[in-house]
Amino acid sequence: MPKRLGAEFFGTFWLVLGGCGAAVLAAAFPGLGIGLLGVALAFGLTVLTMAFAIGHISGCHLNPAVSIGLWAGGRFNAKEVIPYIVFQVLGAIAAAGILYIIASGKAGFDVSAGFASNGYGAHSPGGYSLAACLITEVVMTFMFLLIIMGATDERAPKGLAPIAIGLCLTLIHLISIPVTNTSVNPARSTGPALFVGGWALSQLWLFWVAPIVGAILGAGVYRVLWGKKE
């Protein structure tokens, strides 16, 4: 278990540093910014690379909603859910801390501008309502777990799950960055929110509740419709 928890810590660290780092440092870089497409790809690549690196150690959840969803889908032991979540959140906070140190090295940096935090209403990138953001996060996480369950099914093609899951997360970001800045991951939302404070912390509840609800529904639907019968 210590090795698995360590893998989850560093895996989530890489996801937040890579994805949020791309958003904070590179998305709008003058003349060479990677934009929305680049940020979406960065998040997908973090999961893809870590799935190959630690998938055989911890399963590469990197996300409390994924751990809870896999439990709901009958793929994960209930007693291991809380330890996984704790180390995922710690990894996200550590990555946000490193990113804050790097970003604050540039004159004019203002953490209150967002720091890749997730938000709704006035803090949604596109000004989307709470209801729209809630539905987006539930549906996106629903599909994420549906694809994770299918790609990791023992009947699926072997060795290709990391590619499917990484590309799925990329697509999710392409759809929902304008709506919520894309969470589908409570740990990813918590790390930056702790440094932004204020509005980011007051809206953080949605980015725990919606992904967890979506994950349970997605994994549950896969289990009921396509789960292997013993």
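Summing charges over neighbours of LEU70, with a neighbour being any other residue whose Cβ is under 11 Å away from its Cβ, gives +1 when K and R count +1 and D and E count -1. A simple rule links phi to the HN-Hα coupling: the Karplus curve 6.51 cos²θ - 1.76 cosθ + 1.60 with θ = phi - 60°, which for the range 89-95 gives 5, 4, x, 5, 5, 4, 5 Hz, with x for Gly and Pro. Residues within the reach of a label modelled at PHE109 (point 7 angstrom out along Cα to beta-carbon, backbone nitrogen below 17 Å), restricted to the range 197-212, are 197.
Solvent-accessible area of the chain (1.4 angstrom probe, protein heavy atoms only): carbon and sulfur portion equals 73 percent. In the chain, Rg over Rh equals 0.96, where Rg is the alpha-carbon radius of gyration and Rh the Kirkwood radius from pairwise Cα distances. Relative to the longest principal axis of the Cα atoms of the chain, the long axis of helix 2-21 lies at roughly 40 degrees. Of the residues GLY74, GLY59, GLY159, the one that moves most in a GNM of the chain with alpha-carbon contacts below 10 Å is GLY159. Return one number: the angle in degrees, 0 to 90 and rounded to the nearest 10, between the long axis of the Cα atoms of helix 186-196 and the longest principal axis of the Cα atoms of the chain. So the helix axis and the longest Cα principal axis differ by about 20 degrees. Computed from the Cβ-Cβ distance with R0 of 35 Å, the FRET efficiency linking ILE163 to ALA28 stands at 0.75. Modelled label positions at ASP153 and VAL86, each set 7 Å beyond Cα in the direction of Cβ, lie 3.5 nm from each other. The angle between the Cα long axis of helix 161-180 and the main principal axis of the chain comes to about 40°, on a 0 to 90 degree scale.
The values are calculated or read from the model by the stated rules, or taken from the named source; none is laboratory data. Quick caveat, the model's predicted, so the values are computed rather than measured. Note: ideal-geometry Cβ built from the backbone for every residue, glycine included; neighbour counts use all protein chains shown. Just so you know, the surface numbers come from the protein's heavy atoms only, side chains and all, with ligands and any DNA or RNA stripped out. Shrake-Rupley method; radii C 1.70, N 1.55, O 1.52, S 1.80 Å.
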